[in-house]
Amino acid sequence: MSIWEYANPVKFMRTSGAILPWAVAGAALCTVSGLVWGFLTPEDYKQGSTVKIVFIHVPAAMMAINIWVMMLVASLIWLIRRHHVSALAAKAAAPVGAVMTLIALATGAIWGQPMWGTWWEWDPRLTSFLILFLFYVGYIALWSAVEDPDSAADLTGWLCLVGSVFALLSRYAVLFWNQGLHQGASLSVAEGERMSAVYRYPLYLSMLGFFLLFVALLLIRTRTEIRRRRLAALQAREARA
């Protein structure tokens, strides 16, 4: 068995149809459980109840970056091997990634205002995250603007390569620059920097829920894109007849 078998739309539709109900159920269970558990945790001695926004902010930020990485891999597969399912998967993932990035920016502003005294600061990580959001918007707009699907996949694939720089900056900006208000990584293996288990375990569950939510939405949207492409092909065939 080869992984490239799933580049076949028929094989992908059959397999994704079997996975989808489990992904939806897992996403609902983990996300709801993680958020409820997180919001029932005690207040932090420094940040008070505002720390509980971490259970939305961190999973959303994590997915915003990793979705772009997934789009990069799918785009590279398209550019190198010309598998249409990979191009459609990248297209399907983009709106989900844009929403995750917007959630991360919004919750970061809500969290930052009582901590920093401002809703926004041109901090390296915040700025790179904003640029990443603009790349998501540009990616979606480019798909809509180009009529030929293959040309759109080519152009958006190259745009994804360029935007990957800002995905990496969003992840590692605090390591590149010392200045800025944004704190270090919320999850760390270093002694003395590790988050308390009271917050860490519900955060893990919430992160798993957001990941499964993305998988479910990705499968739903990719399946829709495949059906839309099939319909367009049938309509074109009828027009030529």
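Rounded to the nearest Hz, the phi-derived 3J(HN,Hα) couplings of segment 82-95 under the Karplus curve 6.51 cos²θ - 1.76 cosθ + 1.60 (θ = phi - 60°) are 6, 8, 5, 4, 5, 5, 5, 5, 4, 4, 5, 6, 4, x, where x marks glycine and proline. Residue-wise HN-Hα couplings along segment 205-210, as the Karplus relation 6.51 cos²θ - 1.76 cosθ + 1.60 with θ = phi - 60° gives them from phi, are 5, 5, 5, 4, x, 5 Hz; Gly and Pro carry x. Here the simple spin-label model places points 7 Å from the Cα toward Cβ, and for ARG81 and LEU168 these points are separated by 2.3 nm.
Over segment 39-98, give the accessible area per residue in Å² for a 1.4 Å probe, as an integer.
Heavy-atom accessible area per residue stands at 40 Å².
Taking all protein chains as they are arranged and a probe of 1.4 Å, the heavy atoms of ASP148 leave approximately 80 Å² accessible to solvent.
With a ≥ b ≥ c the root eigenvalues of the C-alpha gyration tensor of segment 60-156, is it rounded (a/c under 1.5), prolate (a/b larger than b/c) or oblate? It is prolate, given that a/c is not under 1.5 and a/b is the larger ratio. Once the C-beta distance of THR15 and GLU238 is scaled by a Förster radius of 35 Å, the resulting FRET efficiency is 0.75 to the nearest 0.05. For segment 98-123 and segment 197-236, what is the separation of their C-alpha centers, rounded to whole Å? Their Cα centres are 25 Å away from one another. Once the chain from ILE220 to TRP120 is taken as fully extended at 0.36 nm per residue, the excess over their C-alpha distance is 32.5 nm. From most to least packed by mean Cβ count within 10 Å, the peptides 52-62, 78-88 give 52-62, 78-88.
Taking a point 7 Å out from the Cα of ALA109 in the direction of its Cβ, the residues of segment 133-147 whose backbone N falls within less than 16 Å of it are 133-134.
Listed peptides 119-129, 226-236 appear in the order 119-129, 226-236 once ranked by packing, highest mean of other Cβ atoms within 10 Å at the front.
The values are calculated or read from the model by the stated rules, or taken from the named source; none is laboratory data. Every value quoted in this text rests on a predicted model; they were computed, and no experiment measured them. No Cβ is skipped: glycine too gets one built from the backbone with ideal geometry, and neighbour counts run over all protein chains shown. We work out accessible area using only protein heavy atoms, side chains counted, and drop any ligands, DNA or RNA first. Shrake-Rupley method; radii C 1.70, N 1.55, O 1.52, S 1.80 Å.
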